[in-house]
Amino acid sequence: MMRRDSRYHLYLLGTFHIESDAASIRLPTRKVESLFAFLALFPEPHPREKLAALFWGDVTDEQARTSLRTALAAIRKELGDDILIADRETVQINPEFPLWVDAREIFDLRFSIADLEIENLKSKIMPATCSPISTTIGLRPNANVCTRSISICCCNWHNTRARKANMRARLNSRVKS
C-alpha cells in the first residue's frame, strides 16, 4: 500500500482530481480520467482489448484501439512515462510509481461499523450501477466492470458534502497516525 506522502495523490471520492506537490494535474477528458481511475483501482495487467471495449465499446474496434492509445499517451504526458507499464497486449499502472489513491486506502483500512454507518465494508460490495464512486469516475452504469473496489458503495453516505469532508478528515487522521 502506497503511503499518503507519495508524490502523486488521486482522489476518486468526491470530485476526481490528481495532485502533485500541491499542484493540480488535469487530464484532458472524463474518459481519460475514467481510464486512469480504473487502472489505479485495479493495478494488475489488463488486456488492451478489454480496456478498449470497456471505455469505447460504442465505436469500431479500430477506433476504440486508437482512442485507448491516445488516452494512454495523455496520461503519460501529464504524469510521466513511468506511470504505465504497457506492451502490445496489456496495460497496467506501474506498481513502483508513487501514487496514493483515496478509494484504495479506504478499501485497505479496517474501519469500525459505527464510523462508516455500513456493515463490514469488504463484504458489502454492491454493483457499480448503484455506486457513487462509479458515477464520480464516469463509468457507464451498464458497464460490467470488475466491481470489487470500484463499488465500495458507501450507500449510506448519500454523497453529501458534509459526510465526504468528515470521511476525508478521518482518513487523513488515520493515515498520519
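Read-outs throughout are calculated quantities, based only on the coordinates presented, and are distinct from any laboratory measurement. Please read these numbers as outputs of a predicted model, since none were measured by experiment. Using ideal geometry, Cβ is built from the backbone for each residue, glycine included, and neighbour counts are taken over all protein chains shown.
Among 29-41, 68-80, how do they line up by average Cβ neighbours within 10 Å per residue, starting with the highest?
For the peptides 29-41, 68-80, the packing ranking is 29-41, 68-80.
Can you tally the net charge around Thr90? Count Lys and Arg as +1, Asp and Glu as -1, for every other residue whose Cβ sits under 13 Å from the Cβ of Thr90.
So the environment of Thr90 carries a net charge of -1.
With N set to the number of residues, divide the alpha-carbon radius of gyration of the range 1-62 by 2.2 N^0.38 Å and report two decimals.
Expressed relative to 2.2 N^0.38 Å, the Cα Rg reads 1.29.
In the range 43-74, which residues have a backbone nitrogen under 17 Å from the label point lying 7 Å from Glu89's Cα in the Cα-to-Cβ direction?
Answer for the range 43-74: 44-52.
Using modelled amide H (1.01 Å from N, peptide plane; none on Pro or chain starts), what sits under 5 Å from the amide H of Ile25, excluding residues fewer than 5 places away?
The list, which skips near neighbours in sequence, is Ile18, Glu19, Ser20.
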